[in-house]
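Below you'll find the structure, written out as structure tokens, and then a few comments.
The values are calculated or read from the model by the stated rules, or taken from the named source; none is laboratory data. In this text, all values refer to a predicted model and were calculated from it rather than measured experimentally. We place every Cβ from the backbone using ideal geometry, glycine too, and count neighbours over all the protein chains shown.
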Amino acid sequence: MKNMQQIMKQAQKMQEQLQKQMAEMSVEGSAGGGMVSVKLNGLKQMLSVKIDPDAVTSGDVEMLQDLMVAAFNEAARKVDDELSGQIGGLTGGLKIPGLF
């Protein structure tokens, strides 16, 4: 029973470490050849958005909206990839069902 408590404490410590890494992580996704870029943290919270002035002067609002969605989705995929690698490192490559 004591061994199970140690395992649970270790799992909780790993979870806290992962949450800290997620909050500190920063990834960037871009679209339209860099016309729009979005920066997210590991919690997929948007940290910044950069829009090339040329994307605004074209007057094509629909295109700008599409570029923003694409940039966000690329950044979100990068977050998932980064977290999968970090979780694999923490678990020694052990696959945990339901995680990424």
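Within the range 22-40, restricting attention to residues that are more than 12 Å from A75 (Cβ to Cβ) and under 10 Å from the mean Cα position of the chain (by Cα), which residue is surrounded by the fewest Cβ atoms within 10 Å (Cβ to Cβ)? Outline the logic, then answer.
Taking the range 22-40 as the starting set, the residues that turn out to be more than 12 Å from A75 (Cβ to Cβ) are 22-24, 32-35.
Still in the running and under 10 Å from the mean Cα position of the chain (by Cα): 22-23.
Details: M22: 17, A23: 12.
Restricting to residues being more than 12 Å from A75 (Cβ to Cβ) and under 10 Å from the mean Cα position of the chain (by Cα), the top hit is A23.
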* Which of the following residues is free of Cβ contacts under 8 Å to residues at least 24 places away in the same chain, surrounded by fewer than 16 Cβ atoms within 10 Å (Cβ to Cβ), on the phi < 0 side of the Ramachandran plot and part of a strand (DSSP E or B): L47, L43? -> L47
* Structure fact -> The condition of being in a helix (DSSP H, G or I) and touching a strand residue (DSSP E or B) at 6+ places or on another chain (Cβ under 9 Å) holds, among M22, M14, M8, only for M22
* Please give the number of the condition V61 fails out of (1) more than 30 Å from A11 (Cβ to Cβ); (2) crowded, with 17+ Cβ neighbours inside 10 Å. => (2)
* Out of the residues in the range 68-100 that are loosely packed, with under 13 Cβ neighbours inside 10 Å and on the phi > 0 side of the Ramachandran plot, state the one that is modelled with the highest pLDDT. => G92
* Asked: Mind checking which residues of the range 1-21 are surrounded by 11 or more Cβ atoms within 10 Å (Cβ to Cβ) and either within 17 Å of F72 (Cα to Cα) or of a type in the set (S, T, N, Q) (or both)?
  -> Q15, Q17, Q19, Q21
